[in-house]
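The values are calculated or read from the model by the stated rules, or taken from the named source; none is laboratory data. Note that the structure is a prediction, hence the values are computed from the model and not measured. Cβ placement follows ideal geometry from the backbone for every residue including glycine, while neighbour counts extend to all protein chains displayed.
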Amino acid sequence: MATPLSFHSYTIMKTSVASCTLLGLSLLLSVSVLPAQAQSGQRGSLSGRLFDGQTQEPIPHANVVLLRASDNCFIKSVETDAKGHFRASNLPLGQYKFRTTVLGYQAVNPQVAFHARQTHVALGSVVLVPLNTPRATQATKLAWARRSSAVAGLEPVRPALRVRS
């Protein structure tokens, strides 16, 4: 014969059922919200190539650092490969300062922005000017880079393709 439920047992059971129902509804709502967050959680990527302004050779194993433009907070650092290529991905949308840290070269600090319509920024070939470059030569190279810049606001920049003879 089954024993009748006491008031205490009934209250615990009722509380457990309510807790399980609440937990189930919470899980259901969180799963339905995930796709909306994934769509609004777009990420950006940045790519380019570093070149020496005097020798026209790629700069391998250099650091490229991204800082948040509003407060200079460190976001990501990547290293160029043996041919000077770099790629930073999975970046939150927003504005960033692109900074190179290569000993013996003047710093390059353009700003880049990722937004819903432009999640990838291709910088092309970024020319770094050696510190020992005479001012006249340096000014000529910077003027050439400004005229041939493929991306607005980036200095110095060279076209991505070069023809070697």
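Could we say that LEU67 is modelled with pLDDT of 90 or more and surrounded by 11 or more Cβ atoms within 10 Å (Cβ to Cβ) here? For LEU67, the condition - modelled with pLDDT of 90 or more and surrounded by 11 or more Cβ atoms within 10 Å (Cβ to Cβ) - is met. Need the failing condition index for LYS14 against (1) exposed (fewer than 14 other Cβ atoms within 10 Å of the Cβ); (2) modelled with pLDDT of 80 or more, just the number. Every listed condition holds for LYS14 apart from (2). One residue stands out among those in region 80-103 that are over 10 Å from the mean Cα position of the chain (by Cα) and part of a loop (DSSP other than H, G, I, E, B): the one that is farthest from LEU46 (Cα to Cα), which is LEU103. Counting only residues that are surrounded by 14 or more Cβ atoms within 10 Å (Cβ to Cβ) and either assigned to a strand (DSSP E or B) or in contact with a strand residue (DSSP E or B) (Cβ under 6 Å, 6 or more places away or on another chain) (or both), region 104-139 holds 14 of them.
Does ARG49 fit the bill of being surrounded by 11 or more Cβ atoms within 10 Å (Cβ to Cβ), more than 30 Å from PRO130 (Cα to Cα) and at pLDDT 90 or above? Here the answer is no, as ARG49 does not meet what is asked.
Checking each residue in region 43-72 for being in a loop (DSSP other than H, G, I, E, B) and under 14 Å from GLN111 (Cβ atoms) picks out ALA69, SER70, ASP71, ASN72.
Among the residues making up region 83-103, those that are modelled with pLDDT of 90 or more, surrounded by fewer than 14 Cβ atoms within 10 Å (Cβ to Cβ) and either touching a Gly at 6+ places or on another chain (Cβ under 9 Å) or among the polar types (S, T, N, Q) (or both) are SER89, ASN90, PRO92, GLN95.
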